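What follows is a set of notes on a single structure, which appears directly below.
The values are calculated or read from the model by the stated rules, or taken from the named source; none is laboratory data. From a predicted model like this one, the values you see are computed outputs, not experimental measurements. All Cβ positions, even for glycine, are placed from backbone atoms using ideal geometry, and neighbour counts span all protein chains on display. Side chains included, ligands, DNA and RNA excluded: accessible areas come from the protein's heavy atoms. Shrake-Rupley method; radii C 1.70, N 1.55, O 1.52, S 1.80 Å.
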Amino acid sequence: MTRLRIAIQKSGRLHEQSLQLLKESGLHFNNGKDQLKTQAVNFPAELLFLRDDDIPQYIEDCVADAGILGENVVLEKQKRNEIVLRLGFAKCRLSIAVPKSEKYTDKKWLQGKNIATSYPNLVKTFLKRNNIEAGIHEISGSVEIAPGIGLADAICDIVSSGSTLLSNGLKEVEIVVQSEAVLAAGASLETEKKVLLQELLFRINAVQAAQNNKYILMNCPNEAIEKITSVIPGMKSPTVMPLTKPGWSSLHSVVNESDFWKKINLLKAFGAEGILVIPIEKMIA
Ligand code: PRT
Ligand code: ZN
């Protein structure tokens with residue numbers, strides 16, 4: 001039986017959310033974090049637990065068919081991987097940082113300097129794009145201490161809140177790439193695996209759409225129905241049901257999470273009352 005082999009991080013920042021996303025997509029696994037791999041009980045898939053840095057090579061070598069990992073790692077490793085879907089979690093950026101005391105005005109500051117990083121390929125590309133020649137000192141961890149111990153003039157590392165830079169006396173000066181968790185897949189999957197990957201993508205899309213939208217219901221005077229519909233048209237159109245109170249209806253629709261607070265005031269102004277907002281589990285257009 002053909003199984004889609006999906007690599008996820010064994011432990012670390014991406015592990016929990018990767019597993020959660022697959023679970024919400026309806027894939028159930030016999031728990032297996034301590035194992036190397038585990039099979040889904042209700043979908044032809046197998047999970048491989050790996051270090052995130054190893055996933056691109058496993059995908060290129062067809063040991064894994066797909067993987068969930070940081071875009072930063074996919075871009076750095078330059079293997080035959082295709083990003084098939086952005087997953088919206090583990091957002092961060094790969095940035096260049098210099099000691100706070102430095103007067104950094106523009107990229108020319110980097111000319112002739114030494115940059116410590118775990119991302120030599122991405123730094124190389126960035127320097128080339130900006131016509132800067134600088135040394136790259138590749139180290140695998142604790143990059144942020146490099147300037148302090150005299151190993152480098154600047155660093156290029158992952159930043160999310162910025163507090164690591166701050167506590168090491170550094171300031172972020174250039175963003176090299178933005179990143180988030182992505183689903184990557186092999187460049188030439190066999191047909192049966194492609195079909196399974198499409199099924200997985202369909203399910204993840206339904207989960208993502210649901211997370212971005214809310215089910216909304218409210219009571220409203222009948223004369224407001226048209227105006228409310230123009231604000232929250234929903235998937236096709238809202239559902240309207242009469243209340244036992246004459247002249248009033250219950251209106252049900254779907255609203256995008258990001259617009260919600262903007263729209264709620266409008267709905268109230270149109271006369272909506274008793275507004276309820278409910279999470280959606282899956283959403284298929
Ligand atoms: O063991 P394994 O090799 O699998 O894991 P890892 O230690 O290499 O990776 P891990 O678990 O730290 O990160 C996995 C992925 O999460 C990264 O490749 C990024 O895509 C993403 N991610 C998101 C981050 C961060 N946010 C992040 N803040 N990865 C690392 N950091 C580190 C960063 O290196 C720095 O040390 O956190 C520090 C900065 O954080 P702030 O909040 O202080 O700015
Ligand atoms: Zn790693």
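Residue under question is SER140, and the condition is that it be buried (at least 18 other Cβ atoms within 10 Å of the Cβ) and within 16 Å of ligand 2 (Cβ to nearest atom); does it hold?
On the way: buried (at least 18 other Cβ atoms within 10 Å of the Cβ): no; within 16 Å of ligand 2 (Cβ to nearest atom): yes.
Here the answer is no, as SER140 does not meet what is asked.
For segment 1-75, give me every one of the strands (runs of 3 or more DSSP E) that falls completely inside it and has 3 or more residues that are on the phi < 0 side of the Ramachandran plot and away from ligand 1 (no atom under 14 Å from the Cβ).
4-9, 37-39, 45-50
Can you give me the number of residues within segment 99-144 that are within 27 Å of the chain's Cα centre (by Cα) and aliphatic (A, V, I, L, M)?
Final tally of qualifying residues: 6.
Output yes when any residue across segment 155-170 is open to solvent by 30 Å² or more (accessible area, probe 1.4 Å), within 10 Å of ligand 1 (Cβ to nearest atom) and of a type in the set (A, V, I, L, M, F, W, C), and no when none is.
yes
Kindly provide the set of residues from segment 95-120 that are among the acidic types (Asp, Glu) and either assigned to a strand (DSSP E or B) or farther than 23 Å from SER142 by Cα (or both), ordered by number.
ASP106
So THR105 fits all but one of (1) open to solvent by less than 20 Å² (accessible area, probe 1.4 Å); (2) assigned by TED's automatic domain parsing to the domain that holds ASP153; what number is the exception?
Of the numbered conditions (1) open to solvent by less than 20 Å² (accessible area, probe 1.4 Å); (2) assigned by TED's automatic domain parsing to the domain that holds ASP153, the odd one out for THR105 is (1).
Please go through segment 1-36 and pick out each residue that is away from ligand 2 (no atom under 16 Å from the Cβ), closer than 20 Å to ASP54 by Cα, among the charged types (D, E, K, R) and modelled with pLDDT of 95 or more.
Within segment 1-36, ARG5 is the sole residue that qualifies.
Check LYS227, LYS236 and return the single one that is open to solvent by 80 Å² or more (accessible area, probe 1.4 Å), assigned to a loop (DSSP other than H, G, I, E, B), over 24 Å from LEU21 (Cα atoms) and out of contact with any Leu (no Cβ under 8 Å at 6 or more places or on another chain).
LYS236
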